[in-house]
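**Student:** Have a look at this one.
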Amino acid sequence: MTQRSVLVVVFDDMQSLDVTGPMEVFTGAGRLGGDPYGIRTASLDGAPSAPPAASPSSRTAR
C-alpha cells in the first residue's frame with residue numbers, strides 16, 4: 001500500500017471541527033480505500049496555534 005500525505009494547516013482561533021473534520025474524513029477514506037493517509041498538522045510559522053476563546057454559550061455557569 002502507498003501512503004499518501006495530508007497536511008492540515010492550523011491557525012489561531014480556528015474551531016476544533018476545522019481540524020478534526022478533515023482528519024476524520026481522510027482516516028475513513030483510507031480505511032475504505034485500503035490506502036492509508038499520513039495526516040499531519042502544521043502552522044504557517046511552526047508555532048503552536050491558540051484555540052478560540054470560549055463563546056458565552058459554551059461556558060459553564062458557576
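**Student:** So who's got an amide H within less than 5 Å of the one on Thr41, skipping anything under 5 residues away but keeping other chains? H placed 1.01 Å off N, in plane.
**Tutor:** Val8
**Student:** With a cut-off of 15 Å, note down the residues of the stretch 19-51 whose backbone N falls inside the zone around a label point 7 Å from the Cα of Ser5 toward its beta carbon.
**Tutor:** Residues 37-43 qualify, since their backbone N sits under 15 Å from the label point.
**Student:** Oh, and also: With bins 5 Å wide starting at 0, give me the P(r) of the stretch 4-46 over every alpha carbon pair, in whole percents.
**Tutor:** Answer for the stretch 4-46: a P(r) of 6, 23, 28, 21, 13, 7, 3 percent.
**Student:** Sort Thr20, Thr27 by Cβ crowding within 10 Å, fewest neighbours at the top.
**Tutor:** Ranked by crowding around the Cβ, least crowded first: Thr20, Thr27.
Only the coordinates and a few stated rules stand behind these numbers; no lab work does. No experiment lies behind these values; they were computed from the predicted model shown. No Cβ is skipped: glycine too gets one built from the backbone with ideal geometry, and neighbour counts run over all protein chains shown.
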